[in-house]
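Notes follow once the structure below has been shown.
The values are calculated or read from the model by the stated rules, or taken from the named source; none is laboratory data. Model, not experiment: these values are computed from the prediction. Positions of Cβ are backbone-derived with ideal geometry, glycine not excepted, and every protein chain shown enters the neighbour counts. To get the accessible areas, we keep the full protein, side chains included, count just its heavy atoms, and leave off ligands, DNA and RNA. Shrake-Rupley method; radii C 1.70, N 1.55, O 1.52, S 1.80 Å.
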Amino acid sequence: MRAAVLRQVGDAALEVRDDVDLIEPGSGDVVVDITHTGICHSDLSVMNGTIPQQHTPLVLGHEGAGVVAETGDDVTSVSAGDHVIVVWSPPCGGCVYCLAHKRPNLCAALQFGVMLRRQFRCGEQELGSMCGVGTFAERTVVPEQAVVKIDESIRLDVAALVGCGVMTGVGAALNTAKVAPGSSVVVFGAGGVGVSAMQGARVAGAAAIVAVDRNPAKLAVARSFGATDAVLPEDLDAAKAEMNGGEGFDYAFECIGSPATMRAAYDAVRRGGTCCVVGVGRIEEQVSFSAFEIFFNEKNLVGSYYGGADVRVDFHRVLRLAESGQLDLAGMIDRRLPLEDINEGIEALQAGEVVRQIVEL
Ligand code: PAD
Ligand code: ZN
């Protein structure tokens, strides 16, 4: 089958091959025919080493949907023919994070195990996969917990986006920060994640939603997804001056992944406000805070992993919001491309030109 392979960290392009095979599925596994996969900035971050992975070479991709082809003997929740969204961080359903803390997005019981296995093969060589998922392939194998069954009436291209960017951004607004009606919000970065955070803030009833992006073309895009204003970074101070008598925003969402914009997001919120960091930076990078300001400003600084989602509940919640017209997910798709052209898509995302691109398999 065809798959897009990252040979080694630092490569600027993927190798598109047509001779990749899957390992035999185990008793708890599900084989999925991937029909659509989005290209998320986290894919680029694996390529450039920002997000470390266990093995290279690997099949990249983690935002996908498709149709179940085959199931292992112990699988009970899905069967062949079911439409599913792939989960890049599958909750096991039985650990303290899943049950006691009620934070299934933070369950790592399965994630590191699946990241260790190499479920693809190319000739004699075994290949790993991003997050144990690898959706830049016509077919993948994942544990049962890493798929969520959806209704067949749902478009699989839209469903693919829910698998990462949409759930992450909408969930950051609704689950992590819990944006209050009537509040003011600033979102840094108008990519797939940032646009989803803006839409989530709109669903939550925010009165002001300001988008910040360094690409002028993205400002109009942000407005079309619910931003009430959209500014270049140099114009943020003026926008901030209009919020809470100049004190700043009630909430900020950093959806870029750089220390400078994480710090800018913290600075953009008023005393007692919430700065939610969604973007993923490098392990060795630091963000600094004055030891005094943490006490004095009493701001909430919170990370958001997979939108704080309980995927088995929240994927459906997001899809219902799309069905009722409160989230525009189909409109986020800028471009469709075949797997052969995936490197063009990677370049466009790198340039910050697109919201989301769908690879059709
Ligand atoms: P994207 O590349 O589509 O969008 C990033 C946007 O930020 C683009 O519009 C850029 O023009 C803009 N931008 C870049 N640098 C700056 C800057 N210095 N100032 C202003 N604007 C800038 O990315 P995405 O939306 O796919 O992903 C965004 C981040 O979210 C990225 O770090 C990704 O790894 C992370 C992510 N986190 C999770 C999670 O669970 N927390 C999940 C998925 C993605
Ligand atoms: Zn992603």
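A few comments on the model shown:
- Averaged over its residues, the chain has an accessible area of 40 Å² per residue, based on protein heavy atoms and a 1.4 Å probe.
- Angle in degrees between helix 259-268 and the longest Cα principal axis of the chain, rounded to the nearest 10: 40
- Alpha-carbon Rg/Rh ratio, for the stretch 213-361, with Rh computed the Kirkwood way: 1.00
- Against the main long axis of the alpha-carbon atoms of the chain, helix 311-323 sits at an angle near 70°.
- Note on Ala12 and Thr76: their simple-model spin labels are 5.2 nm apart, each label 7 Å out from Cα toward Cβ.
- Principal axis dimensions, the stretch 39-144 - Cα atoms, whole angstrom, descending: 38, 32, 25
- Per-pair calculated FRET efficiency, R0 = 41 Å: Arg223 and Arg2 via Cβ, rounded to 0.05: 0.60
- Per-atom-type breakdown for the stretch 197-307 gives carbon and sulfur 54% of the accessible area (1.4 Å probe, protein chains only).
- Extent along the principal axes, Cα only, for the stretch 239-291: 37, 25, 15 Å, with the longest axis given first.
- Across Phe136, Phe249, Phe295, mean-square fluctuation computed from a Gaussian network of the chain (C-alpha pairs under 10 Å connected) peaks at Phe295.
- Expressed as a whole percent, the accessible surface of the stretch 1-153 that belongs to carbon and sulfur atoms is 47, based on a 1.4 Å probe.
- Distant alpha-carbon pairs in the chain (separation over 32 angstrom), percent: 28
- Degrees separating the helix 192-204 axis from the principal Cα axis of the chain, which is the longest one: 60
- For Thr135, neighbours were defined as the other residues whose beta-carbon sits under 14 Å from its Cβ, and their charges (Lys and Arg +1, Asp and Glu -1) total -3.
- Once divided by 2.2 N^0.38 Å, the Cα radius of gyration of the stretch 71-198 becomes 1.21.
- Theoretical FRET efficiency, 1/(1+(r/R0)^6), r = Cβ-Cβ of Glu298 and Glu124, R0 41 Å, to 0.05: 0.10
- Stretching Leu337 away from Ala241 to a fully extended chain increases their span by 30.3 nm, per 0.36 nm per residue minus the current alpha-carbon distance.
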